[in-house]
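Okay, structure first, notes after.
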Amino acid sequence: MKLKDENEIKDENELKDEIELENESEDKDGNEDKNEDEIEFMEIRIADRQFTAKKKYPPNFISTTKYKIWNFIFINLFEQFRRLANFYFLIVMLLSLGPWTPIDPFTSIAPLIFVLAVSAIKAALEDYKRHKADKEANKALFKIYDPISESLIDTQSKDIQVGDIIYLTDRQEIPADLIVLSTSEEDDVCYIETSNLDGETNTKIRSGLSSTSHLNSIENLKNSKGTIKCELPNDKIYRFEGQIILDSTGETNALTVSQVLLRGCSIRNTKWIFAVVVYAGIATKMFKNQRGKGYHFSKFERTLNTLVWRIFLIQFVLVIFCTFMTGFAYYKIKDAGYVNEEDALWKELLTSFATYFILLSYMIPISLYITVELVRLAQAWLMQWDQEMYSPNQRGKMTVKNSDINEELGQIQRIFSDKTGTLTENEMIFSKCSINGNIYDFSNYIKNENNKDHESIILENDEDVSKIKSEIDQNNLIYKLFFQVLALCHTVIPEKNPETEEITFQAQSPDEIALIQAAKIAGFELFERKKKTGITLKQKDGELQSYPVESILDFTSARKRMSIIVRNENNELILLTKGADNVIIERLASGQEKSIDQISNDLTQFARSGLRTLLIAYRYIEENQFQNWKIRYEQALSSLNNRQQNIDQVYRLQDGVPETIQYILESGISMWLLTGDKIETAKSVGISSKLISPDTKILTINCLEEKNSISRLEKKFNKYCKSSNQNHNLALVVTGHSLTHLLEHKKEQFIEFGEFCKSVICCRVTPKQKSQIVDLVHENSKMICLAIGDGANDVGMIQRANVGVGLFGKEGNQAALSSDFALTRFKHLQRLIFIHGRYSYLRLSGVVLYSFYKNFSFILVQFWFSFFNAWSGQSLYDDWVMTLFNVIFTSLPPLVYGFTEKDANESIIEKYPQLYHTFSIRNLFSWKKFVIRFINAIYQSLIVFFVVYGTEANNPTLRYDGLETGLAALGSYCSSYSILIVLLTYALETNYWNWITHFSLWLSIAVIFLFLLMLSNWLSVFAYEYGVLKMMLSSSSFYTLLIIVVILGLLPEYFVKYWRTNYHPYDWQILVERYKNKKLLDNGSFPKVKKVDSLNVKKNDEIEIDNL
């Protein structure tokens, strides 16, 4: 279509808007650049180290380590004691050093040192890896031009300085931020790969200036003296502003990001380059961008911290109670002859407080945090080893980047997803075009093979393509211009193999390859691209036609289009442009209303078919008009901000996407689709992906005016949300304009309405709006949200969500690099959430609750003993038993439970998505669940102590010499029975048994008695316990009490489990029984349940299953 003519332009600024990049355009991260007068500049002298030394620019030495050898212990201990639990046990250890301690200080010191040592070793190993990488990078050799010897010398990376001229070759990594001077290519272009910097694997093009192209040899470098003025180091990797002034010519030339090579990138397909260093070391843009990813503090960890505080309060209350009872006992026995009269009551009370604080400190397991970390690590390994989430044809592999939130996957309530590349394949295929009111289908002509070179197979004898070729043969100008735009409006560089004569293409993205392939089909084949001759096309008859390029105007998020100014075969200046339909249409010349209506209808048809669209337009420019603009353009050139172009692409849904989305919706999780596409495209994808079912009512808010958007929302909100308490099968579709108004004025009502709907689709949204939506939903609903995307524009959304999932995209890995979990396919999200997420939440909840329970059950026996020792603080257990209780005797079962436990088989979970909702509302980790475990621990400790104490008090065990074993036997009885009951409780709570589970249980039981046997026979070390176990094992009362204590202790737990399984089962328990009995429903229908709204059900509600 034709752009506005000269006489229709209101002023010269409108022409400038047509063909000039705006200085205030947004950068790729959505942040506005500084205005030119706000930017500070630095001065660099080329090949002048004395000048650099005076300026004190940072060297190229890098260090990413966290510690030094001399400060490791201090910093690491400081970091570890910032954790509440570690600081708490430090206080306990210090108290145990006093004269009032009831136990050997080693009992408190050894476990704390073990925990600190494990964490310190882990931190040291991680830091050592960073140190090795830094050392390797700093010692890498590069060739630097030495102006003194006038030769290239080998220099270590750490010794490179700002202003040095560096010589790089193909495949070599760039050690600092550089400005290209010259290259081996004819037009001083070079190709780089930036995957280490931004995750994008496509080759990028950079080029030197014509004014520096002569600096291509050591001889010519003698005249390389000059000055570079550029902006101060910053983190804007897509912006660079500067100037270069060579002393030999005095000419000033603008420097843009097109001349910049950033540290971390690699040279590709270029034999050599000469470049000058502008930023080194910590001043490089790569290091400026190395910010730690925000830590996701999970709901589970918040609950755990609250639980620790409450347990500490329980302990404190018990300590105060014991201290009070000590004072009461003091008054009863103060007149006894063995009481020191000089001991004041306050001293007794302080001593008692410290004593019981130490004894009851076992209520908080010291090994808890290490156990949790190890369990999470094991769960991460299981995810990464899962062959069901492996795609052999995809780049990258499933990676867990933040195992601290594994359990959040089992509590997801809302999913936010990008569309392109996430739900879709993101394949770049030229599918259809509309020319002069006629639609032509290329989909049967081009078959994209999806290979790494983005090549296509051309199929002959297609009717639509034949019609296009016929129009071009008849010299139809519209058809010729259409495909000339495709063949000329791009940044692709063709390269010819001198041996095979085969032409390959270097492009910044595969979409441009698709466009030039379409042009080739029509008879306009890209043949050559040179600075002097411009772009050369090979015509259908084999004739070569050159089009000198006067200017290229790259795509920006502000312009939303790319343009190129060339001279045609008649030496006429012509502006060729491609871009977003809404941007191009408003710039079209008058008199094309009928064509615009036709094009709009065709665009809508394309979008409904699931195609992304762009418009092609042209305009002839007068010579004087262009020259006037060129002057202004060159003046503004230093503030250019290059952008990757928008593309014309066809996509199809990824394999398994409809099934995955249907499964997600049936599980009770609502889903929001956030995309930059047209509303018709988004709806089409929503329907084809089953995000919108056939019986779903679609509500659309698509208004440009603020008041209309608000009015439409309020009308629909009042109609549906306030009319009934029941959810409806609704899908809300909102466009970017309306979304802007709603987020500004009616965000709470919009979020509430969105929660009411089964699915929400937001179209034409910017990356910033994606982040805003995720933030608002999370803050207002307090739901656990997951965001998934595959592009750099999804990073903000991914990092704002509770759980961020990135896909390895075809154009880059930035989303995957910035995520908590990286996947290769969208369909793997189902397994990540419903299998690994479910098991992680189940396992970690069980591990933490069991860890608290076992310590309560063990130490409360000590509390009951205080009633019978005059509140003296005497320890019942042997010091070694207390020391090893958490780190040896009961450490293995929780770990095994943490990576093997399952409530339901994977095949059952995959068949019944409803299980996820009924699982998540059980709230496995809560104060209520803890109280139940606490009550069980109190009961078991009562059974252990009073059964043993009542028996031993009347019938004490005798030693070999006829003396009573007394306290030693009582402690051994209680400790062995208590630990045994704790381990057998673990067996009762385990649903999934395998050889690892059996091994951990029976080994732990064996270790207890082996240790007691060692205590009983090692006189020189364990004199206190010497001979006790031998007497115990030879006494019939030991075995009698063992049976009685174990049965009484486990009876309530057994009956609760029996009653739950047989009379009030969970849905998964019914399905497991059916699975075992091979009665699983073949059609996958879920057991009949009472109707409970899956989106508004209360957290503690349970779904009762009928027809048991």
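The values are calculated or read from the model by the stated rules, or taken from the named source; none is laboratory data. Treat the numbers as computed from the prediction; the structure is a model and nothing was measured. Don't worry about glycine lacking a Cβ; one is built from the backbone with ideal geometry, like all the others, and counts go over all protein chains shown. Remember, those area values only see protein heavy atoms, side chains included, never the ligands or the DNA or RNA. Shrake-Rupley method; radii C 1.70, N 1.55, O 1.52, S 1.80 Å.
Laid out as a table, the results:
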| item | result |
| --- | --- |
| Inter-label distance, nm, simple model (7 Å from Cα along the C-beta direction), residue 478/residue 390 | 5.5 |
| Full-stretch length increase - residue 595, residue 782 - with 0.36 nm per residue and alpha-carbon distance subtracted | 62.4 nm |
| Cα gyration tensor, segment 870-927 - rounded (a/c under 1.5), prolate or oblate | oblate |
| Anisotropy class of segment 65-142 from Cα gyration tensor, a/c 1.5 cut | prolate |
| Of 397/560; 122/236; 719/747, those spanning more than 24 Å from alpha-carbon to alpha-carbon | 397/560; 122/236 |
| Order by protection proxy (mean Cβ within 10 Å, highest first), peptides 65-74, 1039-1048 | 1039-1048, 65-74 |
| Sequence ranges 744-755, 1059-1070, 477-488, ranked by mean other-Cβ count within 10 angstrom, highest first | 477-488, 744-755, 1059-1070 |
| FRET efficiency, residue 401 to residue 620 (Cβ-Cβ, R0 56 Å, nearest 0.05) | 0.60 |
| Peptide ranges 795-808, 843-856, 215-228 listed from the most packed, as the mean C-beta count within 10 angstrom indicates | 795-808, 843-856, 215-228 |
| 3J(HN,Hα) from dihedral phi, segment 615-625, Karplus parametrisation 6.51/-1.76/1.60, rounded to Hz, x for glycine, proline | 10, 10, 8, 8, 6, 7, 10, 6, 4, 5, 5 |
| Calculated FRET value between residue 381 and residue 1039, using beta carbons and R₀ = 35 Å, to 0.05 | 0.25 |
| Rounded if a/c under 1.5, otherwise prolate or oblate - segment 512-579, Cα gyration tensor axes | oblate |
| Stretch gain in nm, segment residue 159-residue 134, where the contour uses 0.36 nm per residue and the Cα spacing is subtracted | 7.6 nm |
| Share of carbon and sulfur in the accessible heavy-atom surface of segment 747-880 [1.4 Å probe, %] | 48 |
| Estimated FRET transfer efficiency (residue 502, residue 470; beta-carbon r; R0 25 Å; 0.05) | 0.30 |
| Spin-label pair residue 1009/residue 184, simplified geometry with 7 Å Cα→Cβ offset, distance in nm | 7.5 |
| Stretchable slack from residue 219 to residue 747, in nm (0.36 nm times residue separation minus alpha-carbon distance) | 183.5 nm |
| Estimated distance in nm for a label pair at residue 309 and residue 1063, the labels positioned 7 Å out from Cα along Cα-to-Cβ | 3.9 |
